[in-house]
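The values are calculated or read from the model by the stated rules, or taken from the named source; none is laboratory data. The structure presented is a predicted model; accordingly, all values stated were derived computationally and were not measured. Here the Cβ is made from the backbone with ideal geometry for all residues, glycine too, and neighbour counts use every protein chain on show. For accessibility, only protein heavy atoms count, side chains too; no ligands or nucleic acids. Shrake-Rupley method; radii C 1.70, N 1.55, O 1.52, S 1.80 Å.
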Amino acid sequence: AQSVAQPEDQVNVAEGNPLTVKCTYSVSGNPYLFWYVQYPNRGLQFLLKYITGDNLVKGSYGFEAEFNKSQTSFHLKKPSALVSDSALYFCAVRVPSYSSASKIIFGSGTRLSIRP
Amino acid sequence: NAGVTQTPKFRVLKTGQSMTLLCAQDMNHEYMYWYRQDPGMGLRLIHYSVGEGTTAKGEVPDGYNVSRLKKQNFLLGLESAAPSQTSVYFCASSETSGGQETQYFGPGTRLLVL
């Protein structure tokens, strides 16, 4: 069965330090991988996605993620954290199919807290 | 261009009452989705639609019904609300569902069932 895991409920980082939010997945085919961010009382916003090609994907707000097929991971990273990066982050996975709709599976979310 | 909008933003229901959540999108997207978000569980798909007049069950469809009479609208109904349906409900839409597309989310509806 398809699944995605975010092993950390919360990540705390000092402003200016690099940050990593972890994500691992389990799918039967080649995955499409996504990161979304949710700010308080808002819907999810798309950050970046991996479909194919270069394993390092760059997205919005200076975030990037690295697809590692051997480790089945898609960790979200940023070289220098900002207080405004504090939010809830969701990793998601989808396996493309020829059915009428392929569904996306979300992780449980990781709360990122950046202290000044 | 408002994107995806949801009404109402917040609602309190008593057990057994019914209500309808409305989702509207102005991006001419074919696919629309209803999710519920519960603490520590991420988002779970309730129902989805691949086009006007079509609906399909997601991961947790029990207790909910949906309709897609117009391409731009996707309604989620609770016929007899239960406390277990207390949650935050998000609607989303996407252009297609080949797997690569980005989903666009509404701001959410917070539902409390007493």
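Here are some notes:
- Strands (runs of 3 or more DSSP E) lying entirely in region B:12-63 (those with 3 or more residues that are at the interface with another protein chain (Cβ under 9 Å from one of its Cβ atoms)): B:31-37, B:43-51
- Condition broken by B:Gln37, with the remaining ones in (1) in contact with a His (Cβ under 9 Å, 6 or more places away or on another chain); (2) among the polar types (S, T, N, Q); (3) buried (at least 17 other Cβ atoms within 10 Å of the Cβ); (4) over 14 Å from B:Ser93 (Cα atoms) satisfied: (1)
- Failed criterion for A:Ala81 (all others in (1) open to solvent by less than 50 Å² (accessible area, probe 1.4 Å); (2) out of contact with any helix residue (DSSP H, G or I) (no Cβ under 6 Å at 6 or more places or on another chain); (3) outside any loop (DSSP other than H, G, I, E, B) hold): (3)
- Filtering region A:44-56 to residues that are assigned to a strand (DSSP E or B) and hydrophobic (A, V, I, L, M, F, W, C) leaves A:Leu44, A:Phe46, A:Leu47, A:Leu48, A:Leu56.
- Residue match in region B:52-65 (condition: open to solvent by less than 10 Å² (accessible area, probe 1.4 Å) and touching a strand residue (DSSP E or B) at 6+ places or on another chain (Cβ under 9 Å)): no
- Unique match (being within 12 Å of A:Val4 (Cα to Cα) and away from chain B (no Cβ under 11 Å)) among A:Lys22, A:Lys69, A:Lys77: A:Lys22
- One residue from A:Asn41, A:Asn30, A:Asn17 being part of a loop (DSSP other than H, G, I, E, B), on the phi > 0 side of the Ramachandran plot and either of a type outside the set (Phe, Trp, Tyr) or in contact with a helix residue (DSSP H, G or I) (Cβ under 8 Å, 6 or more places away or on another chain) (or both): A:Asn41
- B:Lys70 falls short on exactly one of the conditions (1) in contact (Cβ under 8 Å) with a residue 12 or more places away in the chain; (2) at the interface with chain A (Cβ under 9 Å from one of its Cβ atoms); (3) assigned to a loop (DSSP other than H, G, I, E, B), and that condition is (2).
- So A:Leu33, is it under 28 Å from B:Lys57 (Cβ atoms), within 10 Å of chain B (Cβ to nearest Cβ) and touching a residue at least 40 places away in the same chain (Cβ under 8 Å): no
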